[in-house]
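For reference, the structure discussed in these notes is given below.
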């Protein structure tokens, strides 16, 4: 283990029950200072996000910061809707382009009827 936190009391990184915002901010600042000099900060943050660590400072990120970065059902659904809308628009644009290029069926029938006569 190469983590800078390996010999630090875990209370610096994890909140006690009933911690108030000013104390939380001070504790998180201390924890983030330790993380700032850590050689595995990226791996630690990635692990915490990937595995949904809900508590404490991991990789220099607080619980709130990780929640904002983590993929979730709402973000996934929003991404699907965006891709779906983009795809639908592309299909509609392509259909319109094809319609503009293709001769309307009525014109084809009229032209074909004139050739037969």
Subject >> Residue count, region 1-36 (criterion: assigned to a loop (DSSP other than H, G, I, E, B), more than 13 Å from residue 56 (Cα to Cα) and free of Cβ contacts under 8 Å to residues at least 24 places away in the same chain) >> reply: 5
**OP:** Give 6, 20, 42 a once-over and let me know the one that is out of contact with any helix residue (DSSP H, G or I) (no Cβ under 6 Å at 6 or more places or on another chain) and under 22 Å from residue 70 (Cα atoms).
**Re:** 42
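Where a number appears in this text, it was derived from the coordinates with a stated rule and is not lab data. Fair warning: this is a prediction, and the values are worked out from it, not measured in the lab. Neighbour counts are summed over all protein chains in view; Cβ atoms, including those assigned to glycine, are modelled from backbone coordinates with ideal geometry.
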